[in-house]
Amino acid sequence: MKKGRVVVLTNLKGGVGKTTDTDLLAIVASKPALFNQKVLLIDVDLQANTTNNIKRTFNVNQFPQSFVKAAQTGTLKNAIMPLTENLDIIAGSIAEHELVDSIIDNSKNKRERYFYFKKMVDEIRPKYDYIFFDVAPSTDSVVDAIIMVTDYIIAVQEVKRMAMEGTSNFISNYLQPMLNNFPNEAQFQVAGILPALLSSRKKTQLLNYKKTVARYGEDNVFHTIVKNHDRLEAFGENGFSLNDYNDRKMFALFADLFTELELRIESFEKTGDVKDFRYESHYFDSMTNTTLPAGKEIQLDGIAE
């Protein structure tokens, strides 16, 4: 039996790169030469960008079922498609999202709406170490029900003032009421705030990053930072690759992000908190954009292996 941890990278603001971050985390975690985790990637975003990334990366066009179609049948297992030995996907669909949203809204009561996916996710948990959902930057019924089966949330925050305020609202006005309404059943923890799209050359952004750390505490902000890399934008256009030096840098960055995530999870599961949590980069120094020795050893053996 696997660990079956459900992880969601999200926030209420779009355009912060959460889909690319989610996809890369799933791919890196599943690589046998890196972490060798059994991973399921589920696309629930309204735009189905994860599905398009996977199509371009693995040269696939047909999927057994979309997430929405599977959810309507009451089981997700028939929608699972293997991509590699360790990585599976459940594809998304742009046109169908509102169907399941309306089904959830028509549920008998509030609890049924919030726990609509619980049995479906529990059925497939034992097969996987990690299940990553890519969700829309919204608070519709589908997202609510996914959050309620999530174990660890990574709040992706662009290092801008309005985004900082959005993160605070997301935690206090969206997540906290769920915990208040279902104190014995809501199981999610905020693993940390992930700074994203940071440009070291912009003094305002560096100042906002420091304010974020000061506001939430060093323990609660990921040491690993996803800066504004051209390579990440290229992945979104062309699919993911692992062919040259720049690709290795990005995989080193996300190897650090996954390593830090696992250590944060370990801290939560041992102590119930991340108090006094510290992490030192192992694969990639985010601030200096330097690939460290362990990152240089990442094998460029192709993405689909």
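The values are calculated or read from the model by the stated rules, or taken from the named source; none is laboratory data. Note that the structure is a prediction, hence the values are computed from the model and not measured. All Cβ positions, even for glycine, are placed from backbone atoms using ideal geometry, and neighbour counts span all protein chains on display.
Does the range 202-224 contain any residue that is hydroxyl-bearing (Ser, Thr, Tyr), farther than 21 Å from VAL39 by Cα and touching an Asp or Glu at 6+ places or on another chain (Cβ under 6 Å)?
First, pick out the residues of the range 202-224 that are hydroxyl-bearing (Ser, Thr, Tyr): 204, 209, 212, 216, 224.
Checking the rest, the ones that are also farther than 21 Å from VAL39 by Cα come to 204, 209, 212, 216, 224.
Narrowing further to those that are touching an Asp or Glu at 6+ places or on another chain (Cβ under 6 Å): 224.
So far as the range 202-224 goes, yes, one or more of its residues are hydroxyl-bearing (Ser, Thr, Tyr), farther than 21 Å from VAL39 by Cα and touching an Asp or Glu at 6+ places or on another chain (Cβ under 6 Å).
Tally time: how many residues in the range 152-188 are crowded, with 18+ Cβ neighbours inside 10 Å and polar (S, T, N, Q)?
2
Identify all residues within the range 233-260 that are in contact (Cβ under 8 Å) with a residue 60 or more places away in the chain, of a type in the set (A, V, I, L, M, F, W, C) and farther than 14 Å from PRO195 by Cβ; write none if there are none.
Scanning the range 233-260 gives PHE235, PHE240, LEU242, MET250, PHE251, PHE254, ALA255, PHE258.
Say we look at the range 64-82 and pick out the residues that are among the hydrophobic types (A, V, I, L, M, F, W, C) and modelled with pLDDT under 95; which of these is nearest to TYR130 (Cα to Cα)? So that I can check it myself, show each step before the final result.
To start, the set of residues in the range 64-82 that are among the hydrophobic types (A, V, I, L, M, F, W, C) comprises 67-68, 70-71, 76, 79-81.
In the following step, the residues that additionally are modelled with pLDDT under 95 were identified as 67-68, 70-71.
Working: PHE67: 17, VAL68: 20, ALA70: 20, ALA71: 19 Å.
The residue in question is PHE67.
Out of the residues in the range 32-47 that are surrounded by 23 or more Cβ atoms within 10 Å (Cβ to Cβ) and in a loop (DSSP other than H, G, I, E, B), which is modelled with the highest pLDDT?
So in the range 32-47, the residues surrounded by 23 or more Cβ atoms within 10 Å (Cβ to Cβ) come out as 39-45.
The next check asks that each one be in a loop (DSSP other than H, G, I, E, B); those that pass are 44-45.
Values: VAL44: 92, ASP45: 87.
If we take residues in the range 32-47 being surrounded by 23 or more Cβ atoms within 10 Å (Cβ to Cβ) and in a loop (DSSP other than H, G, I, E, B), then VAL44 is modelled with the highest pLDDT.
Cβ-Cβ below 7 Å, separation at least six or inter-chain, first residue in the range 15-34 and closer than 10 Å to VAL226 by Cβ, second outside any helix (DSSP H, G or I) and β-branched (Val, Ile, Thr): which pairs?
Listed pairs, sorted by first residue: VAL16/VAL156; GLY17/VAL226; LYS18/THR10; LYS18/VAL156; ASP21/VAL156; ASP21/VAL226.
Restricting attention to the range 222-257, and to residues there that are buried (at least 18 other Cβ atoms within 10 Å of the Cβ) and either among the aromatic types (Phe, Trp, Tyr) or on the phi > 0 side of the Ramachandran plot (or both), which single residue is modelled with the lowest pLDDT?
Ranking the qualifying residues of the range 222-257, first place goes to PHE235.
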